[in-house]
Amino acid sequence: MLLQNLKIFFETLFSFDSKYPLLFTRFGFWAFFAIVFAVFSLLRNRILLRNAYLFFVSLFFYYKTSGFFVLMLIITVLYGYFIARRIDRLKSRGWRKFYMILGVVLNLSVLIYFKYAYFFTDLYNSLFHSNVEVVNYLAKWTDGFIGREYFDCSKILLPVGISFFTFQNISYIVDVYKNRIHHVGNIFDFGFYLTFFPQLVSGPIVRAEQFIPQIHKKYFLSRKQFGIAVFWILNGLLKKIILSDYLAVNFVNRVFANPLLFTGFENLMSLFVYSLQVYADFSGYTDMATGMAMLMGFYLPKNFDSPYKSTNPGEFWKRWHISLSSWLKDYLYIPLGGNRKGNVRTGINLMITMLLGGLWHGASWNFVIWGGLNGIGILIYKRWRFMTDGIKTMATLLLFAIMLVLNYLYDLPLFKIGIVWLGVIFAGTMTGAIYRVFAGDVHSSGTGKVTLWISKSWNVFLTFIFISFTRLFFRSSSNLNPAEESIYAWRTAKEMVSMIGGQWHFDQILQILYAHRFVFTLFVLGMIIHWLPERWKRWYRLNFAMMPMWVMVLAVVLAVFVLYQFITAEVQPFIYFQF
């Protein structure tokens, strides 16, 4: 019986079950991490052995998350290592450039094959009126090699985190080529850098120049750093389970699944609530990854900086998914020419970057539209900030009038949304302009601080609404099989627009608020915490870190108890796993 039980235990331990991947929100992961950390503590200052150990642990973690796609990850490690080593040893600029391009092409080919096969096949069929079907050639070749039909050749599955580790590999190869860093001496160190399991499947995208110097240092963790690490782990779990999962299961998922069954108010609120959900989900993962890495003596780059405090779309992208935004700027926007070649070229470079940034998130035209809308928002703001109050007021009034005419002629929901949105902007712009005419220089007046605070709050409010509306296209493309995205995503977006821009029954709003009172209360509390001044957050973070150990243990127990009350029957995967 004992041998049988041991056999079952090891079969379960070393098998992959797609229904039960190793997620941060599962108890099994924390048991896994406890064992990993216990062994790590024995090896912490034997640097090469420690790095090799974490490399193999990360491969095992990815296997438990994505199954046999771990073989693809190993291949990615191998060609990234050997190509960069070759670049570092060569003196000829031409050959160095050849191998750099080879490395970039290999990474992009892997990404395109697994992530964009359906997208480009559908595009090809639409352009040439053909009926080409996607075939998983890797599965077909593997079946041929082993001599039996084991894999499904009719569809291509998306490996978890492929966009993150391919981009990380590209940045490493390019940085070696540009002599920003030297190639890592052995494959275990490089494999550890590329596959470090806390950030492997959802980032942040770590630059080699930031992380590789850390992997050669001896382990050090102060009492304060330990407390901060525990805080980040708990903070991430609370964000994910209490905010993200609860809001998704009890409101957002329901509305997006059947927009026509809900009122325009509920559809609109689902966009706002989703903005908090996706932030809590992604930043929650980053917080946990940061905390786990810190416990092992490593520091990941900051990936979020209270993005909903942004006063314009450009600032938002400096605060949201910072590692991706900076990657796109350094490896796409600047090589395209950046802002060095005049306003027109700068605008084109920006739009290309934002469109490709949208496509990075998923193989759907909805993601491209989402990226394009953010790009347009940034370009408009770049012009808007240099306009006088009079021009701003006249421009918004003109756009408002145009939207009224379009709605009169065509009576479409989208134009009704435009009327309300432009009407709000016009009213705010005109009010601000009139105030400044009569109040003079607000900086020199006694009420200057209050006026500036109101102005900033208004801009934060408008930016949040704009970003939330663009997420209509982002969310309607999420959580779908790549083969289905292009078919259903656009329909979901159109249905939500039709409901938001349709007839509203204002007498039902109080009933709706009461029916979803727990969801909306949690949403308001989440936004209030998000908008707290950074110095307040730093204060309670440091105070938690310096609590006596027994108090910290009690806080952890209490947090786990609260989390248990919010855990949903069906575990919600992290949103950015699909990217």
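The values are calculated or read from the model by the stated rules, or taken from the named source; none is laboratory data. Because the structure is predicted, anything quoted here is derived from the model rather than measured. Because the Cβ atoms are built from the backbone with ideal geometry, glycine has one as well, and the counts that use them run over all protein chains shown. Each accessible area value is taken on the protein alone, full model and side chains, heavy atoms only, with ligands, DNA and RNA left out. Shrake-Rupley method; radii C 1.70, N 1.55, O 1.52, S 1.80 Å.
Data for the structure
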quantity: Cα Rg, Dmax (largest Cα-Cα span) when computed across region 55-112, Å; calculated: 13.9, 42
quantity: Whole-percent carbon and sulfur share, accessible surface of the chain, 1.4 Å; calculated: 69 percent
quantity: With at most 15 neighbouring Cβ atoms within 10 Å, loop GluC sites (Glu not before Pro) (DSSP) excluded, longest segment of the chain; calculated: 150-569
quantity: Leading residue at positive end of dipole, the chain (Cβ point charges), from T431, A208, F282; calculated: A208
quantity: Sites matching chymotrypsin sites (Phe, Trp or Tyr not before Pro) across region 204-284 that sit in DSSP coil, with at most 16 neighbouring C-beta atoms within 10 Å; calculated: Y219, F220
quantity: Formal net charge of residues neighbouring Y381 (Cβ-Cβ distance under 14 Å; K, R +1; D, E -1); calculated: +4
quantity: Packing rank of 69-81, 193-205, 20-32, where each peptide gets the mean count of other beta carbons within 10 Å, highest leading; calculated: 193-205, 69-81, 20-32
quantity: Label-to-label distance, nm, for residues given as I391 and K224 (7 Å Cα→Cβ offset); calculated: 4.9 nm
quantity: Spin-label pair L356/Y79, simplified geometry with 7 Å Cα→Cβ offset, distance in nm; calculated: 1.9 nm
quantity: Helix-only [θ]222 nm of the chain, DSSP H runs n ≥ 4, -39500 (n - 2.57) each, per residue, nearest 500; calculated: -23000 deg cm²/dmol
quantity: FRET efficiency estimate (nearest 0.05) - Cβ-Cβ, S92 to I35, R0 56 angstrom; calculated: 0.70
quantity: Karplus (6.51, -1.76, 1.60) ³J(HN,Hα), θ = phi - 60°, over region 362-373, in Hz, Gly and Pro reported as x; calculated: x, 8, 8, 4, 4, 5, 5, 4, 4, x, x, 4
quantity: Net length gained if the chain between K537 and Q210 were fully extended (0.36 nm per residue, minus Cα distance); calculated: 115.2 nm
quantity: Per-selection metrics, region 170-262 (Cα): Rg and Dmax in Å; calculated: 19.8, 59
quantity: Heavy-atom surface of the chain, accessible at 1.4 Å and reported per residue (Å²); calculated: 51 Å²
quantity: Dipole-positive endmost among F114, G291, M354 within the chain (Cβ charges, Cα centre); calculated: G291
quantity: Long-range HN-HN contacts of I205 with modeled amide H, under 5 Å; calculated: S323, L324
quantity: Overall Cα dimensions of the chain - principal axes, largest extent first, Å; calculated: 77, 66, 53
quantity: Ratio of Rg to Rh over region 278-434 (Cα coordinates, Kirkwood Rh, two decimals); calculated: 1.05
